């Protein structure tokens, strides 16, 4: 006999528990691997379609690259980079739920070349100086918070980027394109649904 359905929300959505989502790694050593992550408010993983396009764009430089994944959320961009033989990824997110979930996935994948930092991304950019600058930076913050513009300001004023670094920015389609430094050249730009995404290369 079938069990009676409870007159309440799905157990995953009960008070005190975390809802979950899944992401799929598109390419590289973990290709087609599906991972679960803890969903938090405002978290918006970059879609498979956009990630595939992005990593086609950065393919010439991804191997061995030092990557910075700001507002990492589910970790989709940084995990994709690691799968495609990035040298290392530094993940930054202020949500302890998101960073805990990401650490679990990195452990599951036996990834040893990753650093996960639970802090505010803009504050980190303002105050931290890494041992070596980054070759690739992913900036994919919550929409409609103006955080992209603050990140660009910090990246151009502090020694965080190598010469020839790739800077990926994902924003809502209706948002103004950020004013970037003169030495950042727009390499690619596309739209998908409600998202505009672009890739700059610094001279």
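The values are calculated or read from the model by the stated rules, or taken from the named source; none is laboratory data. For clarity, every value in this text was computed on a predicted model and none was experimentally measured. Here Cβ is always computed from backbone atoms with ideal geometry, including for glycine, and neighbour counts include all displayed protein chains.
Checking the structure you have, find out if any residue of segment 68-84 is closer than 25 Å to residue 181 by Cβ and over 11 Å from the mean Cα position of the chain (by Cα).
no
Is it fair to say residue 106 is in contact with a strand residue (DSSP E or B) (Cβ under 9 Å, 6 or more places away or on another chain), part of a helix (DSSP H, G or I) and more than 19 Å from residue 21 (Cβ to Cβ)?
Criteria not met by residue 106.
How many residues are surrounded by 21 or more Cβ atoms within 10 Å (Cβ to Cβ) and either within 17 Å of residue 78 (Cα to Cα) or modelled with pLDDT under 90 (or both) when one looks only at segment 137-148?
The total comes to 5.
For segment 67-98, give me each residue that is in contact with a strand residue (DSSP E or B) (Cβ under 9 Å, 6 or more places away or on another chain) and surrounded by fewer than 21 Cβ atoms within 10 Å (Cβ to Cβ).
87, 88, 90, 94, 95, 96, 97
Exactly one condition in (1) farther than 17 Å from residue 92 by Cβ; (2) part of a loop (DSSP other than H, G, I, E, B) is false for residue 142; which is it?
(1)
Each row is one residue, and each column tells you yes or no for (1) surrounded by fewer than 13 Cβ atoms within 10 Å (Cβ to Cβ); (2) free of Cβ contacts under 8 Å to residues at least 12 places away in the same chain; (3) not in a loop (DSSP other than H, G, I, E, B).
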site	(1), (2), (3)
102	no, no, yes
112	yes, yes, no
126	no, no, yes
129	yes, no, no
132	yes, no, no
135	no, no, yes
150	no, no, yes
